[in-house]
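Have a look at the structure below before the remarks.
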Amino acid sequence: MKRTILLVSAALAFAACTTDYTPDLTRAEGKVTLSFRSSMPVTKAPITGSGDLTLDHFQVFVFDASGTLEANTGVIHDTDVASSLPSVEISPGVKDIWAVGNAPEDITGNHVVNTLAQFLDIRMDLLDQTGGENLMYSAHIPETVVSEAYTVDLEFDHLACKIIIDEIQRNFVNSDLALVPLSIQRIYLSNVAGDCDFACAEAPEVWYNKKGAVEKTNSIIYYSFGSGGHVLSQGSSYTTSHVFYSFPNPQLEDHYAGNTWSPRRTRLVVECLYNGETCYYPVTLPKAASEKLKRNTVYHIQKLILKRPGSPDPDNPGDTYNPYMEYSFEVIVNGWQDDIPYTEEFS
């Protein structure tokens with residue numbers, strides 16, 4: 001018998017397991033064959049930097065009902081699947097299946113994985129990824145009843161979220177301030193969640209570019225315009241899109257004042273030079289105080305309008321009414337493969 005199961009994020013996995021199929025475990029004897037086939041989601045909307053929908057390799061782990069590792073496929077390159085489906089031989093029973101895509105290593109090479117608990121204790125570093133084709137994924141389906149041979153289609157979700165800024169426009173409301181030269185120097189993420197487990201269930205233990213202080217310049221979280229920056233005259237726009245990535249940030253509470261670091265919300269920071277002085281336009285992600293920064297979600301800043309000189313602090317976006325800027329914001333809230341967008345205007 002051949003049966004296809006879609007492996008989705010943990011939030012959808014339970015629904016995926018609810019079927020009318022009731023296997024007869026009394027008929028199963030000895031070992032059964034479980035085969036795997038990768039299936040990447042296809043985006044339904046034009047999303048900048050679609051190279052991050054590429055799966056290069058993956059590794060599957062099968063745990064039994066007690067949480068003991070029963071089988072591990074090793075690293076499988078997607079090109080290998082075209083010739084023959086990878087498979088494992090396992091005993092019949094209830095299984096917990098996990099798959100990891102585009103990991104920078106054989107998971108068992110540097111980690112002991114004998115149990116599900118050990119697997120979920122592994123934390124991956126955001127900066128081990130470079131974006132695009134190296135972006136990591138995971139797939140999970142719990143309580144899978146295996147009684148006879150079938151094929152599992154692995155549908156992966158990104159571990160990271162994606163942050164896009166399309167346009168920066170200068171439109172100062174004060175005509176005198178509009179005459180002063182302004183140039184964009186850098187665009188980067190601050191308060192970046194730097195590590196994550198495969199279930200994205202635990203809070204980050206590693207943070208990058210804390211409080212807007214740039215310490216990491218990896219392209220996945222940072223872009224520099226180089227010497228001289230990009231001059232932005234009054235009424236003009238910079239229209240090159242830039243894409244960044246962060247692991248999910250569960251932090252709802254925010255902090256602005258004081259020199260002591262504490263976990264806080266992630267921001268995209270546009271750093272400018274105005275009249276010889278550095279100023280900042282920090283955008284908190286997501287804006288709604290009740291929303292966390294989620295995995296497998298696109299946060300799309302369509303237009304950032306600079307209305308006057310920026311803040312002196314890269315970590316303080318100001319009051320609810322921000323006098324420095326306004327921006328249009330679209331969030332694709334259900335992953336790259338399904339689009340449920342909305343737009344907000346801030347001023």
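When the C-alpha to C-alpha distance is required to be over 29 Å, the pairs from LYS162/LYS211; LYS95/LYS292; LYS216/LYS303; LYS31/LYS294; LYS95/LYS287; LYS216/LYS292 that qualify are LYS95/LYS292; LYS31/LYS294; LYS95/LYS287. Most tightly packed first, judged by the mean number of other beta-carbon atoms within 10 Å of their residues, the peptides 274-281, 107-114, 186-193, 31-38 read 186-193, 31-38, 274-281, 107-114. Here segment 227-281 is treated as a Stokes sphere of Kirkwood radius computed over C-alpha pairs; at 10 °C and 1.306 mPa s its diffusion coefficient rounds to 108 µm²/s.
For SER224, neighbours were defined as the other residues whose beta-carbon sits under 10 Å from its Cβ, and their charges (Lys and Arg +1, Asp and Glu -1) total 0. For ALA178, the shell of other residues with beta-carbons less than 13 Å away shows a net charge of +2, using +1 for Lys and Arg and -1 for Asp and Glu.
Every read-out reported here was derived from the displayed coordinates using simple, explicitly stated rules and does not represent laboratory data. Just so it is clear, the model here is predicted, and its values are computed rather than measured. In this analysis, Cβ positions are derived from the backbone assuming ideal geometry, glycine residues included, and neighbour counts consider all displayed protein chains.
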